[in-house]
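To start, the structure under review is shown below, and the notes come after it.
The values are calculated or read from the model by the stated rules, or taken from the named source; none is laboratory data. Since we're looking at a predicted model, the values are computed, not measured. Using ideal geometry, Cβ is built from the backbone for each residue, glycine included, and neighbour counts are taken over all protein chains shown.
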Amino acid sequence: MKNSSRAQSATSLPRAPRDEADARSARYLTLMAVRIACFILMVVITPYGWYTWVLGAAAIFLPYIAVVLANVGEEGRSNRREDPERALPAAPAAPPAPPTSHPTVIRIEETPATGDRPDPDTHA
């Protein structure tokens, strides 16, 4: 059993994909409603002035903004994933070995087993 100073909680889990899609759809539809309102106000309000251009620009650029905001999911806004391994305490570091005057060399040589040697007198 792992000892952890902080347990994983259900509130740190990401939203369900369906809930996230519903929230993005609602955000998109809200911005499209604002766009329609800007377009209607641009045509209806008279006399025309600087606000007509502002409402027209909003009606033109809000679809782009709405699509970009709808495509950015919850992960794009904040990464709240928790790594359970980070909660584990770090192992103490071993002290470094003292340097030696000359390095130790280990040689390993393999010799075939007696049953694996081919007989030099027989030709296969």
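Descriptive notes on the structure:
- A residue that is surrounded by fewer than 12 Cβ atoms within 10 Å (Cβ to Cβ) and either at pLDDT 85 or above or of a type in the set (Ser, Thr, Tyr) (or both) occurs somewhere in the range 75-92.
- Every pair of residues 6+ apart whose Cβ atoms lie under 7 Å, when the first sits in the range 20-43 and is over 16 Å from VAL54 (Cα atoms) while the second is acidic (Asp, Glu) and in a helix (DSSP H, G or I): GLU20/GLU74
- For the condition surrounded by 13 or more Cβ atoms within 10 Å (Cβ to Cβ) and modelled with pLDDT under 90, ALA7 does not qualify.
- Test: residue in the range 20-27 that is in a helix (DSSP H, G or I), modelled with pLDDT under 75 and of a type outside the set (Val, Ile, Thr): no
- For the range 32-53, a residue qualifies if it is closer than 26 Å to VAL72 by Cα and surrounded by fewer than 16 Cβ atoms within 10 Å (Cβ to Cβ), and the qualifying residues are MET32, ALA33, VAL34, ILE36, ALA37.
- Selection status of MET42, touching a Gly at 6+ places or on another chain (Cβ under 6 Å), at pLDDT 90 or above and not hydroxyl-bearing (Ser, Thr, Tyr): yes
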